[in-house]
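J.: One structure follows; several queries about it will come next.
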Amino acid sequence: MTVRTDDSRSVRFDLKDYNHIDHGYAATIHKAQGMTVDRTHVLATPGMDAHASYVSLSRHRDGMELHYGRDDFVNPDRLVRTLSRDRAKDMASDYERADPAQSYAERRGISFRERVAEIVRRVVPEKVRNMFDGPRPSADAVPGPDGVRSPEREAEDPEAALRRARTKALVRHARAVDAIFDMQEQGGRASPEQVKELQEARKVFEEVRPYGSHDAEAAYKKNPELALEAASGNPARASRALQLETELRTDPGRRADRFVERWQKLDHTSQRQYQAGDMSGYKSTRSAMGDMAKSLERDPQLESILANRKRKLGIAFESGRRLGQELAFTHGIELGRGRGIGI
């Protein structure tokens, strides 16, 4: 391998002699707290505030460059207002609404009503979405329960329509998943029509909730009964499970907790299977552990967090290996030939 160093020197070496190489990835602001480097590049996003700006813009010794997209900030003034706003002080009780992400954004001044209206136009029937076309009526033009419709009530309509569209997409997707589950339980395979319906249901779900079908299917894989309940018109438990999967996907700390919990469970299961002479089950469990170890190669953020939890993963000492390789070596797991290690 040949690399060019920061001082413009060219260095060549053989990976057999030196293999301490890793990809460089962008880091989140929270992960960069306490870090100091020579130069930084900061990407501004609408979710930032004065506190996040202070952290991200003070990590450098020599130089810092701030980047932003015009699709997020139409002009520098909008950028300055966003990066200098104060952060709301939150409590858990502030997020009891149906969509906590929306409440979280609104409390920080992040407006996405135009995005809501755009989504509703695509997924809500014509008779419902007429309210989004043209100028909004005045407060006294559309009567409410007391004969007058307030501006606040007018503003809630797009979001209520979006919640209904999400529920409808969740139920349709659950029915498609449940139909395939039924076919598999009978020993058959999903028909082309069922596969096509699942793909279309996923597409509709993604339009109203990004990663919605991905998170829902992760929940159904753990508890198939949730798909049956949602398909029957009772999506409450499935919705809560979907939200949990979303949190697990977006919160690195929770993902690390889940990784440790699942690893320990598989490790104990494999030990019981070995002692009981269940070699088929033992090999299957060890294969699952190998998949988990190898998955860390594609998730450097999770690998970084798990570096502080090595003892919980059964690693008693440092060897200098990558965490996935260390897990395989310590537990005697086969990761395959080539890039992985074979024990």
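J.: Give me the number: length gained by fully extending Glu207 to Val80, i.e. 0.36 nm times residue separation minus the C-alpha to C-alpha distance, one decimal in nm. Before the final figure, lay out the partial values.
T.: Details: separation 127, 0.36 × 127 = 45.72 nm, distance 3.08 nm.
Full extension of this stretch gives 42.6 nm more.
J.: Please compute the length gained on full extension between Gln275 and Ala160, using 0.36 nm multiplied by the number of residues separating them and subtracting their Cα-Cα distance.
T.: Separation in residues times 0.36 nm, less the Cα-Cα distance, equals 35.8 nm.
J.: With a 1.4 Å probe and all protein chains left in place, how much of the accessible area of region 185-281 comes from carbon and sulfur atoms, in whole percent?
T.: 50
J.: May I pose another question? Quick check for you: with a 1.4 Å probe and neighbouring chains kept, what is the accessible area per residue of region 288-334, in Å²? Mind dumping the intermediate values first?
T.: Working: 2390 Å² over 47 residues.
Per-residue accessible area for region 288-334 comes out at 51 Å².
J.: Further question: Net charge near Met1: determine it from the other residues with C-beta under 12 Å of the C-beta of Met1, scoring Lys and Arg +1 and Asp and Glu -1. Can you show the working numbers first?
T.: On the way: positive: Arg4, Arg12, Lys16; negative: Asp14, Asp17.
Residues near Met1 contribute +1 overall.
J.: Calculate the FRET efficiency for Lys168 and Asn223 from the Cβ-Cβ distance with a Förster distance of 35 Å, rounded to the nearest 0.05. Write out the running numbers ahead of the final one.
T.: Values: r = 22 Å, r/R0 = 0.62.
E(calc), rounded to 0.05, equals 0.95.
J.: Just want the answer: with Cβ charges of +1 for Lys and Arg and -1 for Asp and Glu, which residue in Thr285, Pro252, Gly332 is farthest toward the dipole's positive end in region 228-343?
T.: Gly332
J.: Between beta-carbons, use under 9 Å as the cut-off and find the net charge around Leu313, counting Lys and Arg +1, Asp and Glu -1. All intermediate terms of the calculation are to be shown ahead of the outcome.
T.: Working: positive: Arg309, Lys310, Arg311, Lys312; negative: Asp267, Glu326.
After counting each charged neighbour, the total is +2.
J.: Still on this structure: Among Ala219, Ser270, Pro235, flag the residue with its Cα farthest along the positive direction of the charge dipole of region 190-343, charges on Cβ as +1 for Lys/Arg and -1 for Asp/Glu.
T.: Highest projection toward the positive end goes to Ser270.
The values are calculated or read from the model by the stated rules, or taken from the named source; none is laboratory data. None of these values were measured; they are calculated from a predicted model. FYI the Cβ positions are ideal-geometry reconstructions off the backbone, even for glycines, and counts take in every protein chain you see. These area figures cover heavy atoms from the full protein model, side chains too; ligands, DNA and RNA do not enter into them. Shrake-Rupley method; radii C 1.70, N 1.55, O 1.52, S 1.80 Å.
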